Amino acid sequence: MAPSAAVTPACPACHADLGQSETGLRCLRCGARYAVSDGVPELFASAADQVTGRVQALYDHVAHDYDGVFSPHVAGHYLRKRIALVQELLPGGGAVLDVGCGTGALAAGIQSAGFDVVGVDASTGMLKEALEGGVGAVYAAYSTELPFADGVFDLALSVATMHHLETPERVAATIAEMGRVVRSGGFVLIWDHNPLNPYWPILMKRVPQDHGDERLVSVWELLEAVRLGGLRVERAARVGLVPDFMPRGLMSLWTRVEAAVEANPLLSVFAAHNVVVARKP
């Protein structure tokens, strides 16, 4: 697989190549034109509706302070778990698409681990932060209309994005699009909030990136969307137990508790996240 610099964007409407225009980018097939704002190509195939417009506005507003919401040692703990899973799935490296990449903390971490990473998010404000953080390639686009040709990535992942899509139709469309842009044999990785974990409603009421209209997505819905997207489920698990308020001094102890919970089929039902790994036939 070519490095991410070679994974050039495509028209989100027809998936044809893009060329330069006097104001940004232009589709070489359908002629659609796309602006570039502060170095971020804005590849939106359709106008924002009530849901997407609200999410874009919220995340543009919180972008500058977003990475300061959680303690660095807690954020770093989950960052390492997610990078380790990508390394397990792609031991030889490869091209990775981060759907809903936000400020690019995970994308930058995967990139630093030797992968070629492209980030996509609906918020140009978040993507500007990602560029400043060193992510090499980012594009503003909707998760349901990804601006890439078919089969150009080894892995497409989404972390803490599905619950912002609000409807089952958007969730299914996003997973189908992730499947479309990965190669045959490539992976789709979904990592999102577990509705059975009792702490999420408490946390989501006090963090600035949640506005109250989010919908936590069950693992069963994710698995059905994977199936409808023509993907094969490789594994499904519930992982994570470290809350945002965990003191640094207790991390060593609590990560051992977390590992024990993850290994117990009964207790893991209440873990923090649903993780689904699917593969494209």
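Which residue pairs have Cβ atoms closer than 6 Å, lie 6 or more positions apart in sequence or on different chains, and pair a first residue in segment 220-232 that is on the phi < 0 side of the Ramachandran plot with a second residue that is charged (D, E, K, R)?
Listed by first residue and then by second, the contacts come to 231/280; 232/279.
Mind telling me which of the residues 87, 111 ends up being without any contact (Cβ under 8 Å) to a residue 60 or more places away in the chain, in contact with a strand residue (DSSP E or B) (Cβ under 7 Å, 6 or more places away or on another chain) and of a type in the set (S, T, N, Q)?
Result: 111 is the single residue among 87, 111 that is without any contact (Cβ under 8 Å) to a residue 60 or more places away in the chain, in contact with a strand residue (DSSP E or B) (Cβ under 7 Å, 6 or more places away or on another chain) and of a type in the set (S, T, N, Q).
For residue 248, state whether it is under 21 Å from residue 203 (Cβ atoms), basic (Lys, Arg) and modelled with pLDDT of 95 or more.
In short, yes.
Under the condition of being of a type in the set (A, V, I, L, M) and surrounded by fewer than 24 Cβ atoms within 10 Å (Cβ to Cβ), which residue from segment 165-176 is farthest from residue 217 (Cα to Cα)?
The residue in question is 176.
Name every residue in segment 149-164 that is in a loop (DSSP other than H, G, I, E, B) and crowded, with 21+ Cβ neighbours inside 10 Å, in order of residue number.
Across segment 149-164, the qualifying residues are 152, 161.
Looking only at segment 229-255, count every residue that is more than 17 Å from residue 270 (Cβ to Cβ) and not hydroxyl-bearing (Ser, Thr, Tyr) and tell me the total.
Going through segment 229-255 one residue at a time, the tally reaches 14.
Within segment 207-257, can you find the residues that are polar (S, T, N, Q) and within 20 Å of the chain's Cα centre (by Cα)?
The answer is 209, 218.
Being touching a Leu at 6+ places or on another chain (Cβ under 7 Å) and closer than 14 Å to residue 214 by Cβ is the filter here; which residues of segment 163-193 pass it?
Result: 163, 171, 193.
Show me the strands (runs of 3 or more DSSP E) found entirely inside segment 175-279 where at least 1 residues are in contact with a Lys or Arg (Cβ under 7 Å, 6 or more places away or on another chain) and hydroxyl-bearing (Ser, Thr, Tyr).
182-193
With (1) modelled with pLDDT under 95; (2) more than 12 Å from the chain's Cα centre (by Cα) as the list, and residue 169 as the residue in question, which single condition is left unmet?
(1)
Pairs needed: first member in segment 123-136, more than 15 Å from residue 97 (Cα to Cα) and buried (at least 17 other Cβ atoms within 10 Å of the Cβ); second member anywhere, at pLDDT below 95 and aromatic (Phe, Trp, Tyr); C-beta distance under 6 Å; at least 6 residues apart or different chains.
123/59; 126/59
Can residue 186 be described as buried (at least 19 other Cβ atoms within 10 Å of the Cβ) and in contact with an Asp or Glu (Cβ under 6 Å, 6 or more places away or on another chain)?
yes
Checking the structure you have, find out if any residue of segment 129-148 is outside any loop (DSSP other than H, G, I, E, B), at pLDDT 95 or above and under 22 Å from residue 231 (Cα atoms).
Among the residues of segment 129-148, not one is outside any loop (DSSP other than H, G, I, E, B), at pLDDT 95 or above and under 22 Å from residue 231 (Cα atoms), which makes the answer no.
Might you let me know whether segment 198-212 holds any residue that is of a type in the set (S, T, N, Q), within 19 Å of residue 106 (Cα to Cα) and either modelled with pLDDT of 95 or more or surrounded by 15 or more Cβ atoms within 10 Å (Cβ to Cβ) (or both)?
Taking every residue of segment 198-212 in turn, at least one turns out to be of a type in the set (S, T, N, Q), within 19 Å of residue 106 (Cα to Cα) and either modelled with pLDDT of 95 or more or surrounded by 15 or more Cβ atoms within 10 Å (Cβ to Cβ) (or both).
Find all pairs meeting these conditions: Cβ atoms under 7 angstrom apart; at least six residues apart or on different chains; first residue within segment 199-211 and touching a residue at least 40 places away in the same chain (Cβ under 8 Å); second residue β-branched (Val, Ile, Thr) and outside any loop (DSSP other than H, G, I, E, B).
208/62; 209/62
The values are calculated or read from the model by the stated rules, or taken from the named source; none is laboratory data. Model, not experiment: these values are computed from the prediction. When we count neighbours, we look across all protein chains shown, and the Cβ atoms used for this are built from the backbone with ideal geometry, even at glycine.
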